[in-house]
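Take a look at the structure set out below.
The values are calculated or read from the model by the stated rules, or taken from the named source; none is laboratory data. Computed from a predicted structure; not experimentally measured. For neighbour counting, all protein chains shown are included, and Cβ atoms are generated from backbone atoms with ideal geometry for every residue, glycine included.
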């Protein structure tokens, strides 16, 4: 299937994709804040600049987009039809970087939580995952 946008329009669209304060990240932040948790955002001193940092509990949360981080769900599997090599390398690089960052954080004694964008579509699963984070942070602080 060919791209429905011109290369210039596609480039413009891609340049507008944010890395911080995304919709899924804001949903998670609001829910954890409503649960009474306080956190730092995007700590530059930690590997991967985690989306949320609970320093007292030594816990971090990454909120990943399924497409960009190649989640094994229906949203993470499709590959772009144009410029395939570039996008395959880009997405694989994201996955490898995520692995290195998780390993480095765990080695430093941090508990790492990951919330996938697709989880936000299932309220029960999201609530269970958020409850796990809340319980961990409250017992570890």
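Contact list please: Cβ distance under 7 Å, first residue in region 72-91 and closer than 20 Å to residue 6 by Cβ, second residue exposed (fewer than 12 other Cβ atoms within 10 Å of the Cβ), pairs at least six apart or on different chains.
These pairs meet every condition: 81/1; 81/2; 87/79.
With respect to the numbered conditions (1) more than 15 Å from residue 134 (Cβ to Cβ); (2) part of a helix (DSSP H, G or I); (3) touching a strand residue (DSSP E or B) at 6+ places or on another chain (Cβ under 8 Å), which one is the sole condition not fulfilled by residue 26?
All conditions pass for residue 26, except number (3).
When you look at residue 88, is it farther than 16 Å from residue 114 by Cβ and modelled with pLDDT under 95, yes or no?
yes
Might you check whether a residue that is more than 14 Å from the chain's Cα centre (by Cα) and at pLDDT below 95 occurs anywhere in region 100-117?
The answer is no; no qualifying residue exists.
As an exercise: evaluate residue 121 against (1) under 15 Å from residue 24 (Cβ atoms); (2) in contact with a strand residue (DSSP E or B) (Cβ under 9 Å, 6 or more places away or on another chain); (3) free of Cβ contacts under 8 Å to residues at least 12 places away in the same chain and give the number of the one condition it does not meet.
Condition (2) is where residue 121 drops out.
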